[in-house]
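The values are calculated or read from the model by the stated rules, or taken from the named source; none is laboratory data. The shown structure was predicted, so the numbers you read here are calculated from the model rather than taken from an experiment. Cβ atoms come from the backbone with ideal geometry, glycine included; neighbour counts cover every protein chain shown.
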Amino acid sequence: MAGIALEFTTTSCNRPGILDMTYSSYVSRLKGVDFQKSTLYINVDPAPDSSNISEMEKVAKKYFGKVVVNYPKEPNFAAAVIWCFSQVKGEYFFHLEDDWMLKQRVDIATMIKKVGEHNIQCILNKKVTLRNELWEPCFIPSLFRTEIVKRYLPLMNSTTNPEYQMKMIFRKNTNGLKAHKSVLWRKSHEISKDIGRDWLKKNGIARDYAKTGGSSAKWSPWITWRTKKK
């Protein structure tokens with residue numbers, strides 16, 4: 001049976017090796033999708049720098065039939081998410097940041113069924129699952145319902161961590177958005193593995209929290225990068 005054409009969104013920084021690992025694992029294990037007929041919207045932030053940044057686009061084109069790239073002049077996680085989410089047009093889209101590995105086979109049809117008519121997303125959860133009583137939006141690899149996500153966008157800004165913004169909009173039940181829950185594809189399993197943190201440690205890179213109150217500012221926007229002092 002032929003797979004479906006689907007839209008994908010990716011927020012990324014300039015690390016083509018990590019991006020290749022991410023796309024390779026999802027293309028091989030996310031079943032029911034025709035990736036050559038699918039569209040990817042990818043925002044590539046020039047971080048830690050812009051050296052050979054076009055390699056990111058080359059990697060993306062290995063896996064997706066159509067690739068639309070945004071190269072901002074400055075890194076800004078919130079602006080990246082808003083740009084990506086503003087591009088999608090279909091009923092559903094899959095949000096996949098650049099540093100995840102899919103550990104097992106997943107059928108897209110099951111995810112679509114779980115999103116249903118009213119939920120905002122179906123999450124391929126990491127090892128530590130979400131607090132089920134909250135059911136709030138997150139950026140772990142997920143299938144999103146476009147219409148509901150679009151209702152968040154006018155309420156968001158480009159200066160605050162976008163995941164935090166969506167959580168706060170949900171918790172405040174702004175415009176009744178709390179009626180649209182986030183659901184897990186399967187509980188108590190590590191389905192999506194974070195592979196980005198080891199890359200940051202290996203390359204001695206950290207967020208720059210200088211403008212946002214120090215490292216305790218958990219939800220600081222990813223504005224700039226810095227190299228850790230050895």
Checklist line | Test for Val59: is it at negative phi and in contact with a strand residue (DSSP E or B) (Cβ under 6 Å, 6 or more places away or on another chain) | finding: no
Note to self: Among the residues that make up segment 15-30, is at least one of them crowded, with 22+ Cβ neighbours inside 10 Å, of a type in the set (Lys, Arg) and closer than 28 Å to Ser158 by Cα?
What the structure shows: yes
Checklist line | Residue check, Asp20 in contact (Cβ under 8 Å) with a residue 24 or more places away in the chain, among the charged types (D, E, K, R) and in a loop (DSSP other than H, G, I, E, B) | finding: no
Next item on the list: Give segment 151-178 a look and list any residue that's assigned to a helix (DSSP H, G or I), without any contact (Cβ under 8 Å) to a residue 24 or more places away in the chain and basic (Lys, Arg), or say none.
Entry: Lys178
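In segment 29-54, what residues are more than 12 Å from Lys66 (Cα to Cα) and under 15 Å from the mean Cα position of the chain (by Cα)? Reasoning before the result, please.
So the first thing to find is which residues in segment 29-54 are more than 12 Å from Lys66 (Cα to Cα), and the list is 29-33, 43-54.
Of everything in segment 29-54, those that are more than 12 Å from Lys66 (Cα to Cα) and under 15 Å from the mean Cα position of the chain (by Cα) turn out to be Asn43, Val44, Asp45.
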Notebook entry, point to check: Which number in (1) surrounded by 23 or more Cβ atoms within 10 Å (Cβ to Cβ); (2) out of contact with any helix residue (DSSP H, G or I) (no Cβ under 7 Å at 6 or more places or on another chain); (3) at pLDDT below 95 marks the one condition that Asp45 misses?
Noted result: (2)
Margin query: Out of Asp208, Asp198, I need the residue that is modelled with pLDDT under 85, more than 26 Å from Arg105 (Cα to Cα) and under 21 Å from the mean Cα position of the chain (by Cα). Which one?
Written below: Asp208
Item checked: segment 88-103, residues that are within 13 Å of the chain's Cα centre (by Cα), among the acidic types (Asp, Glu) and more than 15 Å from Asn125 (Cβ to Cβ) -> Asp98, Asp99
